[in-house]
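Please read the structure below before turning to the comments.
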Amino acid sequence: MNRHIKDSLDRPLRDLRISVIDRCNFRCQYCMPAEIFHENFQFLPKSELLSYEEIVRISKIFASLGVKKLRLTGGEPLLRKNLSTLISELVSIEGIEDIGLTTNGVFLKKHAADLKAAGLQRVNISLDSLDDVLFKQMNGRDIGTKPVMEGIAAAKEAGLGVKVNMVVKKETNESQILPMARFCKEEGIQLRYIEFMDVGHTNGWQLKNVITKKELLEMLQAEFELEPVEEDYFGEVAKRFRYKGTTTEVGFITSVSESFCSSCTRARLSANGSLYTCLFNGKGHDLKSLLRSEMSDEELTDFIISLWNHRDDRYSDERAAGTRKKQEKIEMSFIGG
Ligand code: SAM
Ligand code: SF4
Ligand code: SF4
């Protein structure tokens, strides 16, 4: 039986983001700074990660509660072995209309064809700079743009829809705002500028490092003619514009400057199987223990319904209004983007 549920602020449950792994081959300063995620950092042992069987079981339950979109993320999701096997099982779940994958793109050249064959429709590839030196600095691993470019090409070649995500941070990659727009427009790829967010405790976030959508748009409009695009569906995250005379769009994820909590329909499952009803929750709800207990699907479903019914998270709205209480926050690499 399909039940569509609402939280205490009348928001339905529509999206589930699943972090399949906490490890990553990059050390982006804004996400996994190398000083903290160093050689001896204790990542989760395999036994602590949700198994594919567990991910499929929980996804079926979420689908029965109205979830239509799944997004696989991490850490770097392509570091998890045989991800295509998981995707092929997720695509066949009744009610799931869309599956996305967010990746840094380095391993896409190797996997794009398999992912497409497994039923994946689209990928979001993160790329913060076209400049090799800056890109190496930003990813903290001395990896140039070449493998990411090859990943983008392989994804297109395999027939996957491609969007590019760029986190914009003042005094870091401002110089790349326009070159990235030109590159993506030329390639017919939707670029999404992401405002630098205050996720976790390790990335040294300060408001003064945020370049807002308004500022970005002004920079773009000095060079391009843009027209706004209507929202596709309730809860759409990106504010989108189209380059006039083309079908190519550019989007903005305005988590800081224009919060969008009132239409937030997303739940997140961390790599170790905890459920978070907001990106900024400090503590999740341990679904893994429940999945590994004697609990039936019906009991798990009731547990999630009760959680969602009580949900009142609106962290970004509260930050904008200055009413936010200080709270513990979870790291982005753990919970996924
Ligand atoms: N490793 C994959 C990647 O980079 O695409 C997937 C996981 S990553 C945590 C998901 C998304 O979160 C990426 O697009 C990344 O740029 C973004 N992200 C990470 N830390 C961020 C921050 N502090 N502010 C805004 N976006 C961030
Ligand atoms: Fe890794 Fe993605 Fe975080 Fe960069 S943003 S450190 S690629 S998880
Ligand atoms: Fe959703 Fe929390 Fe982000 Fe608001 S702050 S949009 S509730 S994840």
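The values are calculated or read from the model by the stated rules, or taken from the named source; none is laboratory data. The structure displayed is predicted, hence computed values, not measured ones. All Cβ positions, glycine included, derive from the backbone under ideal geometry; neighbour counts span all protein chains shown. Accessible surface is based on the protein model in full, side chains and every heavy atom, while ligands, DNA and RNA are left aside. Shrake-Rupley method; radii C 1.70, N 1.55, O 1.52, S 1.80 Å.
Below is a table of values for the structure above.
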quantity	calculated
Within the range 237-269, tally of residues that are within 12 Å of ligand 1 (Cβ to nearest atom) and of a type in the set (D, E, K, R)	1
Some residue of the range 65-81 being more than 27 Å from M166 (Cβ to Cβ) and in contact with an Asp or Glu (Cβ under 7 Å, 6 or more places away or on another chain)	yes
Qualifying positions in the range 83-107 - assigned to a strand (DSSP E or B) and within 20 Å of C28 (Cβ to Cβ)	G100, L101, T102, T103
Strands (runs of 3 or more DSSP E) within the range 236-337 that include 2 or more residues touching a residue at least 60 places away in the same chain (Cβ under 8 Å) and under 24 Å from the mean Cα position of the chain (by Cα)	249-253, 266-269
Test: K46 is within 16 Å of ligand 3 (Cβ to nearest atom) and either of a type in the set (D, E) or surrounded by fewer than 20 Cβ atoms within 10 Å (Cβ to Cβ) (or both)	no
Test result for M197, under 26 Å from L127 (Cα atoms) and touching a helix residue (DSSP H, G or I) at 6+ places or on another chain (Cβ under 7 Å)	no
Every pair of residues 6+ apart whose Cβ atoms lie under 9 Å, when the first sits in the range 54-65 and is more than 17 Å from R3 (Cα to Cα) while the second is open to solvent by 30 Å² or more (accessible area, probe 1.4 Å)	E54/R292; I55/E89; V56/E89
Test set (1) away from ligand 2 (no atom under 16 Å from the Cβ); (2) surrounded by 15 or more Cβ atoms within 10 Å (Cβ to Cβ); (3) under 16 Å from the mean Cα position of the chain (by Cα) - Y30 fails condition number	(1)
Count of the range 57-72 residues which are within 16 Å of I21 (Cβ to Cβ) and open to solvent by 10 Å² or more (accessible area, probe 1.4 Å)	1
Selection status of E39, of a type in the set (D, E), within 16 Å of ligand 2 (Cβ to nearest atom) and either on the phi > 0 side of the Ramachandran plot or without any contact (Cβ under 8 Å) to a residue 12 or more places away in the chain (or both)	yes
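Conditions tested, residue by residue: (1) open to solvent by 20 Å² or more (accessible area, probe 1.4 Å); (2) more than 18 Å from I335 (Cα to Cα).
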residue: S255; (1), (2): no, no
residue: E258; (1), (2): yes, yes
residue: A271; (1), (2): no, no
residue: G282; (1), (2): yes, no
residue: D286; (1), (2): yes, no
residue: S289; (1), (2): yes, no
residue: E294; (1), (2): yes, yes
residue: D297; (1), (2): yes, yes
